[in-house]
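Working notes, beginning with the structure itself.
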Amino acid sequence: MNRRSAFAVLLLAIAIAAFATVKTEKTDLKEVKDDKYKPGHVWSYKTRPGEETSTLTILRVEEAPKGKRIVHIRVDGIRLKNCTGGPEPDTVEHMPFAKEMLDASVIKKERTVAIPHFDEGYSQWRKGWDEGKAGFYTITVSEAIEVMQKTFDSGLRCSH
C-alpha cells in the first residue's frame, strides 16, 4: 500500500469511529446478492460541488441479522483539499453504508468494471466490526465525504 492509500485508510478508520455511523455489537455478517447493487457496478451519485465526475463502485453487499443490508463501496474522483499544500486524496478505497443511504445517494448505474482491490480496508473494518467498534454510514455518500474533509482538516490543524 502506498503512502496516499495508507493515509486514506487511516482517514476512513477515524471517520467510521467518530462520525455518522451505527455501531453494533458483534454480529455475524453474510455476503448476499442484492437486486440493485452488484459488485463491480459503477454509479454516479449526488456529489459535493466540484466533484460532479466522482463515481462510486460497489465492492460487496452483506446482511447483518434482522435483514440490515450493508453495501461496501469505493469512491473515486473526490478532492479532499489539503490546506498545507500536501497531497489531496482523490479516492476512498472502502466505505460501508446502510443500503437506504446508498439508495438516497445514487443517480444512475454507469458501467460495470472488475471489482477493485479492497481487502485491506475491508479487513480493518471487519476486525473493528467483530470487536463491536466499527459500524456503517447512515448518512449520504456526499455527507460522508464532507465528514472526511472535516476530519482531514482537523488532522492537519486547518481552520477555515
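The values are calculated or read from the model by the stated rules, or taken from the named source; none is laboratory data. What you are looking at is a predicted structure, and each value in this text was computed from that prediction instead of being measured. Reconstructed Cβ throughout: ideal geometry from the backbone, glycine too, with neighbour counts over all protein chains shown.
So for the stretch 98-114 (the condition being surrounded by fewer than 20 Cβ atoms within 10 Å (Cβ to Cβ), at pLDDT below 95 and under 21 Å from Pro39 (Cβ atoms)), does at least one residue qualify? The answer is no; no qualifying residue exists.
Sort through Thr91, Thr84 and tell me the only one that's β-branched (Val, Ile, Thr), surrounded by fewer than 20 Cβ atoms within 10 Å (Cβ to Cβ), within 29 Å of Gly155 (Cβ to Cβ) and at pLDDT 95 or above. Let's see the steps before the verdict.
Values: Thr84 fails: at pLDDT 95 or above.
Unique residue meeting the criteria: Thr91.
Between Ile70, Ile58, which is in contact with an Asp or Glu (Cβ under 6 Å, 6 or more places away or on another chain) and surrounded by 20 or more Cβ atoms within 10 Å (Cβ to Cβ)?
Working: Ile58 fails: in contact with an Asp or Glu (Cβ under 6 Å, 6 or more places away or on another chain).
Checking each option against the conditions leaves just Ile70.
Yes or no, residue by residue, for (1) hydroxyl-bearing (Ser, Thr, Tyr); (2) assigned to a loop (DSSP other than H, G, I, E, B); (3) out of contact with any strand residue (DSSP E or B) (no Cβ under 8 Å at 6 or more places or on another chain):
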{"site": "Ile73", "(1), (2), (3)": "no, no, no"}
{"site": "Ile107", "(1), (2), (3)": "no, no, no"}
{"site": "Pro116", "(1), (2), (3)": "no, yes, no"}
{"site": "Ser123", "(1), (2), (3)": "yes, no, yes"}
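Yes or no: Phe19 aromatic (Phe, Trp, Tyr), under 14 Å from the mean Cα position of the chain (by Cα), closer than 18 Å to Gly128 by Cβ and modelled with pLDDT of 95 or more? Give the derivation first.
Working: aromatic (Phe, Trp, Tyr): yes; under 14 Å from the mean Cα position of the chain (by Cα): yes; closer than 18 Å to Gly128 by Cβ: yes; modelled with pLDDT of 95 or more: no.
Spelling it out, it is not the case that Phe19 is aromatic (Phe, Trp, Tyr), under 14 Å from the mean Cα position of the chain (by Cα), closer than 18 Å to Gly128 by Cβ and modelled with pLDDT of 95 or more.
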